[in-house]
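K.L.:
I have a structure here, written as structure tokens, and I will follow up with some questions on it.
The values are calculated or read from the model by the stated rules, or taken from the named source; none is laboratory data. The structure displayed is predicted, hence computed values, not measured ones. Virtual Cβ from ideal backbone geometry, glycine too; neighbours counted across all protein chains shown.
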Amino acid sequence: MVNIEAVNLTNWKISKKEITQTVKKIIKKLRREKVFSFLKIVDLSIAFIGEEDMKKINAKYKKINKPTDELSFLLAKTKNKLTGEILLCPKVIKTKNYGFQVSSFKFQVNYLLTHAFLHLCGFDHETDKEWREMEEMEEILQDKLKGQNSKLKFTT
């Protein structure tokens, strides 16, 4: 069972349906691997928020006094269930250079959904080894989402 709540607290037009479909594809792909057996039940909240709110949350939880593109918060993880929250800031996403050959805003949002969800699953990038492992998994998931990247509708 997958329960995803998507909320847009910005002026950006964002398709909640497409966001939900993207995350469901990520989960479906991860469920095929034994190490992700805890994804039997997923409760996830995704919120698109403004720069000021993101700055306040980033300062409070990460001690960085500026807005960021994404934050993820693991609320609970058990043998069969993952509960978490992902926060995305469209304005920061739009202005950030991710260094991809394909760097459309749609691709960046899909990448960040993948990146944030992997954080919830326990991936990190504090060391070079962790970074490589996370990047490898992101690439696998992005291959799954290639068709989805052209379908997402985002405008300012």
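K.L.:
For N65, only one of the following conditions fails: (1) exposed (fewer than 14 other Cβ atoms within 10 Å of the Cβ); (2) without any contact (Cβ under 8 Å) to a residue 40 or more places away in the chain; (3) polar (S, T, N, Q); (4) in contact with a Phe, Trp or Tyr (Cβ under 9 Å, 6 or more places away or on another chain). What is its number?
P.N.:
Evaluating N65 over (1) exposed (fewer than 14 other Cβ atoms within 10 Å of the Cβ); (2) without any contact (Cβ under 8 Å) to a residue 40 or more places away in the chain; (3) polar (S, T, N, Q); (4) in contact with a Phe, Trp or Tyr (Cβ under 9 Å, 6 or more places away or on another chain) leaves (4) as the failure.
K.L.:
Right, next: Any chance you could count how many residues in segment 107-156 are touching a strand residue (DSSP E or B) at 6+ places or on another chain (Cβ under 9 Å) and modelled with pLDDT under 80?
P.N.:
Qualifying residue count for the region: 5.
K.L.:
Would you check if I46 is surrounded by 13 or more Cβ atoms within 10 Å (Cβ to Cβ) and out of contact with any strand residue (DSSP E or B) (no Cβ under 9 Å at 6 or more places or on another chain)?
P.N.:
No: the conditions fail for I46.
K.L.:
Please identify the pairs in which a residue from segment 78-106 that is closer than 18 Å to L44 by Cβ and at pLDDT 80 or above has its Cβ atom under 8 Å from the Cβ atom of a residue that is assigned to a helix (DSSP H, G or I) and basic (K, R), counting only partners at least 6 apart or on another chain.
P.N.:
As it stands, the answer is N80/K40; K81/K40, since those pairs meet every condition given.
K.L.:
Another question, then. Looking at this structure, is I64 of a type in the set (A, V, I, L, M, F, W, C), in contact with a Pro (Cβ under 8 Å, 6 or more places away or on another chain) and more than 20 Å from E138 (Cβ to Cβ)?
P.N.:
For I64, the condition - of a type in the set (A, V, I, L, M, F, W, C), in contact with a Pro (Cβ under 8 Å, 6 or more places away or on another chain) and more than 20 Å from E138 (Cβ to Cβ) - is not met.
K.L.:
Given L141, L113, L118, which one is in contact with a Lys or Arg (Cβ under 8 Å, 6 or more places away or on another chain) and of a type in the set (A, V, I, L, M, F, W, C)? Write out each step before concluding.
P.N.:
Numbers: L113 fails: in contact with a Lys or Arg (Cβ under 8 Å, 6 or more places away or on another chain); L118 fails: in contact with a Lys or Arg (Cβ under 8 Å, 6 or more places away or on another chain).
Only one candidate passes the filter, namely L141.
K.L.:
Of the residues L75, L71, which is surrounded by 12 or more Cβ atoms within 10 Å (Cβ to Cβ), touching a strand residue (DSSP E or B) at 6+ places or on another chain (Cβ under 6 Å) and without any contact (Cβ under 8 Å) to a residue 40 or more places away in the chain?
P.N.:
L75
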